[in-house]
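I have placed the structure first, in the form of structure tokens, so that the comments after it can refer back to it.
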Amino acid sequence: MKVFYTKVALNTYLDTHKKNKQIGFIPTMGALHEGHLSLLKKCNEENDISVVSIFVNPTQFDNPADLLKYPKTFQDDTKILESAQCDVLFAPDVKEIYAENITATSFDFEGLEHEMEGRFRIGHFDGVGTVVKRLFEIVAPNKAYFGEKDFQQLQIVKKMTQKQQLPLEVKGCNIHRAKNGLAMSSRNSRLTKAHLKAAPFIFKTLQKVKMKFETEAPNTIIEWVEKEFEKQSLLTLEYFTIADEKTLKNIKNKDEKTQYRAFIAVFAGEIRLIDNIQI
Ligand code: PAF
């Protein structure tokens, strides 16, 4: 695996391959887990060269404490990527991406940014849009891979790519889960033992929601979820909502042609976990 820290070094290498090779790209913030590896597996299957970036993007953290505490495991990540047949690791520092101006551009994602995470993490999606656009411009991949755990992020990146007419395909990949159903996340490594034990309740609840959605009204389901979480001493519900998968707008009336998804954000102690399920 080649490791590059600068745009110039990365591009010098990639430019020699771009003409006749498909390049797949997975942007990450490191603290890699099996979810990332499932993206890499898909990327390897569909491309000639797989590029993974590790960059903890300061402009997408609405909470500075969260940025400071974000797990940094670069040595381990490098080994994991090497053994999972990653071809290129791009690991720029903040200056390489932002120069002296560490600020996010303001985007219009046609309303996608105002729902769910957008309500609770002000400015988060401008930060994501800024860094993903820059990384896409630097790596210039044919395809890029994102996990559906961050489903709103995936829709926003698709929207940005389409609006900015960036010449690549953005692909969403299924959520990778532990055997107990907990969605893989870099944040899971910061959970206490007790919270780790409690957290699978999130997906168990989403599975029940999926069943209930066949016969029950959305508002009844929302009330039920809120009550279920009131009984949990270690988990605090931030939001639960059922939305149209395309617009991410809350469901008003169910209609046969629309695909819906249930979305949830929960605090397990001070760690914020999100998950979703297609229903
Ligand atoms: O999902 C993430 O890890 C980040 O939001 C991303 C896409 C790498 C941008 O910093």
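Here, each number is a calculation from the coordinates, and none is a lab measurement. Note that the structure is a prediction, hence the values are computed from the model and not measured. Glycine gets a Cβ as well: all are built from the backbone with ideal geometry, and neighbour counts include every protein chain shown.
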Exercise. For the range 1-96, what D do you get in µm² per second when you plug the Kirkwood radius from alpha-carbon pairs into Stokes-Einstein at 10 °C and 1.306 mPa s?
Worked result: 113
Seminar exercise, completed: Reduced to Cα centres, the span from the range 64-116 to the range 8-42 in Å works out to 14
Problem set entry | Point-charge dipole on Cβ atoms (K/R +1, D/E -1) for the range 165-212, about Cα centre, debye to 20 | 360
Problem set entry | Vicinal HN-Hα couplings computed from phi for the range 22-28 (Karplus, 6.51 cos²θ - 1.76 cosθ + 1.60; Hz; Gly/Pro x) | 7, 10, x, 9, 10, x, 9
Exercise. What's the extension gain from Lys79 to Ser189 if we count 0.36 nm per residue and subtract their Cα-Cα distance?
Worked result: 37.8 nm
Seminar exercise, completed: Which residues qualify? For Tyr239, with a placed amide H closer than 5 Å and at least 5 residues away or on another chain, they are Ala265
Exercise. Tell me, what does the Kirkwood hydrodynamic radius of the range 195-279 come to in angstroms if you use every pair of distinct C-alpha atoms?
Worked result: 13.1
Exercise. How much FRET efficiency would the formula 1/(1 + (r/R0)^6) give for Ala99 and Ala9, where r is the Cβ-Cβ distance and R0 is 22 Å, rounded to 0.05?
Worked result: 0.85
For this session: May I have the pair-distance distribution P(r) for the range 62-147, computed from all Cα-Cα distances with 5 Å bins from 0 and rounded to whole percent?
Result: 2, 10, 16, 21, 23, 16, 9, 3, 0
Problem set entry | Residues with amide H under 5 Å from that of Arg121, placed H, sequence gap 5 or more | none
For this session: Please state, to two decimals, what the Cα-based radius of gyration of the chain comes to when divided by 2.2 N^0.38 Å (N = residues).
Result: 1.02
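So if each residue of separation counts as 0.36 nm, and I subtract the Cα-Cα distance between Ser106 and Lys18, what length gain in nm does that give?
28.6 nm
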Problem set entry | Placed amide H near Cys173: partners under 5 Å, 5+ positions off or other chain | Phe146, Gly147, Glu148
For this session: With both partners inside the chain, how many of the DSSP beta bridges are antiparallel, as a percent to the nearest 5?
Result: 50
